[in-house]
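J.: Structure provided below as structure tokens; questions to follow.
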Amino acid sequence: MKASRFIVVVGCGRLGSQLANQLSREGHAVVVIDPNEATFNDLSPDFSGFRVPGDASQMAVLKAAKLQRADILIATTHEDNVNLMVAQVARKIFQVPRVMARVFDPKRETVYCRLGIRTICPTSVAAEMFLHAITEDTDPPGGPAA
Amino acid sequence: MKIIIVGGGKPLYFLCRNFTAQGHEVAIINRSPSECTQLSRQLSALVVCGDGSDARILKDVGAMGAGVVLAITPNDQDNLVICQLASLQFGVPRTIALANDPDNAAVFEQLGVTAFSTTHVVSSLIEQRASLEQITNLLPVGEGQVNVTEILLDPGSPVIGKRLMDLHLPTNALVAVVIRHNRPIVPRGPDDLQPGDRLVLITLPENHGPVLKVFTGEKP
């Protein structure tokens, strides 16, 4: 069994709640932050982590989530700038060893790579998968499936 | 010098007016089309409607040749990203972000972005100035490490009739000048204080409050 990690997930939307549920199920200690408490309803009944209501761009909220003890931070809010700010604060101020941010605008990825933030761009990922699927479809029937 | 301001509202309007009056070239980025229309009518500045944290918009307003980028939107995360984009991608030499949450001012500085908090600025001004009516002038010198304060002694002051040498002033404080009947005197220990005297005090930020209380009698 993998070692249990302390993981902070910022944003409890579709992506955030799915990650939090899955990570909690795998036995990790998970903290979810979202300003809208209603979003915590999307967490599954067996989610065993903590819910912190609040705006993650405020230091007090990050402290309440015990970010200084986190092994991993994942920023998944629907606002690129919130994700980028939270990721940098986690990396540089709270010294979180692994920090990842979702960024919608592919142009911003390059700048933030330079700042040492690992970004995942859903647009680029989806585009790649579509392109991959297209080349697969043009393969003769019965060809390799991923 | 070319100055780019991202934001809106009255602060942006008056800042822009000041900068253009000083002869600077100003460009504005604002998200709201209606506010942009209004700003372009009122100000002689380039106004671009859009997201200031979008590299394309920054390019459109000419961030490449700008001397200063000032990000004063109501969202701290936007202000941070605007400043980082401007300096990293466009090489703008000086970027300044507004920290709406006063805690973020220190955070931004740690992330390498110059920041200011209006809450800090206004509250320290109020602390030093508005709470005491007798203070007629205040001037921070030496990068804010020393305050030069002018106060008016009213007849109710507890130091009236006392000699300077008998005052219990905190250390690192000085009555530098007494202006009596429009005549400045550099006072010495045996000189006394009279109602209507205007004093010029030298204090440090840490003893500023206690020193003022000696003269105004306000309880700490």
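The values are calculated or read from the model by the stated rules, or taken from the named source; none is laboratory data. Predicted, not measured: the structure shown is a model, and the values here were computed from it. Reconstructed Cβ throughout: ideal geometry from the backbone, glycine too, with neighbour counts over all protein chains shown. Accessible surface is based on the protein model in full, side chains and every heavy atom, while ligands, DNA and RNA are left aside. Shrake-Rupley method; radii C 1.70, N 1.55, O 1.52, S 1.80 Å.
J.: Per chain B: cysteines with no other Cys C-beta under 4.7 angstrom?
T.: By the Cβ distance rule, which asks for a partner under 4.7 Å, the isolated cysteines are B:Cys16, B:Cys83.
J.: Can you give me the pair-distance distribution of chain B, C-alpha pairs, 5 Å bins, whole percents?
T.: 1, 7, 13, 14, 12, 9, 7, 8, 9, 8, 7, 4, 2, 0
J.: When the convex hull of the Cα atoms of the protein assembly as shown is projected onto a plane and the area is averaged over all directions, what value comes out in nm²?
T.: Projected over every direction and averaged, the Cα hull of the protein assembly as shown covers 28.0 nm².
J.: Taking a label point 7 Å from the Cα of A:Leu115 along the Cα→Cβ vector, which residues of region A:64-97 have an amide N closer than 18 Å to it?
T.: A:73-97
J.: Sticking with this structure for a sec: Compare B:Phe14, B:Phe19 by solvent-accessible area with a 1.4 Å probe and give them largest first, with all protein chains kept in place.
T.: Correct descending sequence by accessible area is B:Phe14, B:Phe19.
J.: Here's something else I'd like to know. Taking both sides together, what accessible area is buried at the A/B interface, probe 1.4 Å, expressed in Å² and rounded to the nearest 100?
T.: 1700
J.: Additional query: Which value results for Rg/Rh of region B:2-118 when Rg is the Cα radius of gyration and Rh the Kirkwood radius based on the inverse mean 1/r?
T.: With Rh from the inverse mean 1/r over Cα pairs, Rg/Rh is 0.94.
J.: If you roll a 1.4 Å probe over the heavy atoms of the protein chains, what accessible area per residue do you get for the protein assembly as shown, in Å²?
T.: Here the residues of the protein assembly as shown average 53 Å² of exposed surface.
J.: Okay, moving on. Show me the trypsin sites (Lys or Arg not before Pro) within region B:160-192 that DSSP assigns to loop and that have at most 16 other Cβ atoms within 10 Å of their Cβ.
T.: For trypsin sites (Lys or Arg not before Pro) across region B:160-192 that sit outside H, G, I, E and B with at most 16 neighbouring Cβ atoms in 10 Å, the list reads B:Lys162, B:Arg188.
J.: Let me ask another. Just to be sure I understand the model, the point goes 7 Å from the Cα along the line to the Cβ. What's the resulting A:Glu26 to A:Gln95 distance in nm?
T.: 2.6
J.: Who wins for biggest fluctuation among B:Ser44, B:Ser53, B:Ser34 in a Gaussian network model of chain B, springs between alpha carbons below 10 Å?
T.: B:Ser34
J.: Report the per residue volume, in Å³, of the convex hull enclosing the C-alpha atoms of chain A.
T.: With only Cα atoms used, chain A gives 140 Å³ per residue.
J.: Here's something else I'd like to know. Using a probe of 1.4 angstrom, how much of the accessible area of region A:1-88 is carbon and sulfur, in percent?
T.: Using a 1.4 Å probe with all protein chains present, region A:1-88 comes out at 52 percent carbon and sulfur.
J.: Heavy atoms only, 1.4 Å probe, whole protein assembly: order A:Asp80, B:Asp191 by accessible area, highest first.
T.: My answer, sorted largest first, is B:Asp191, A:Asp80.
J.: Same structure, new question: Mind checking B:70-81 for the average number of partner chain beta-carbons within 10 Å of each residue's beta-carbon?
T.: 4
J.: Inside 10 Å of the C-beta atoms of A:11-17, what's the mean count of C-beta atoms belonging to other chains?
T.: 0
J.: If each of A:Asp105 and A:Phe50 carries a label point 7 Å out from its Cα toward its Cβ, how far apart are those two points in nm?
T.: The modelled label-to-label distance comes out at 3.3 nm.
J.: In whole percent, and with a 1.4 Å probe on the protein chains, what portion of the accessible area of chain B is carbon and sulfur?
T.: So the carbon and sulfur contribution to the accessible surface is 54 percent.
J.: Grab the Cα-Cα distance for B:His24 and B:Asp60, subtract it from 0.36 nm times how many residues apart they are, and report the gain in nm with one decimal.
T.: Extra length available between B:His24 and B:Asp60 comes to 11.1 nm.
J.: Would you mind checking the tilt of helix B:76-90 against the longest principal axis of the Cα atoms of chain B, expressed as 0 to 90 degrees and rounded to 10?
T.: Its long axis makes an angle of about 70 degrees.
J.: Follow-up. So who's got an amide H within less than 5 Å of the one on A:Gly54, skipping anything under 5 residues away but keeping other chains? H placed 1.01 Å off N, in plane.
T.: Residues meeting the amide H criterion: A:Asp34, A:Asn36.
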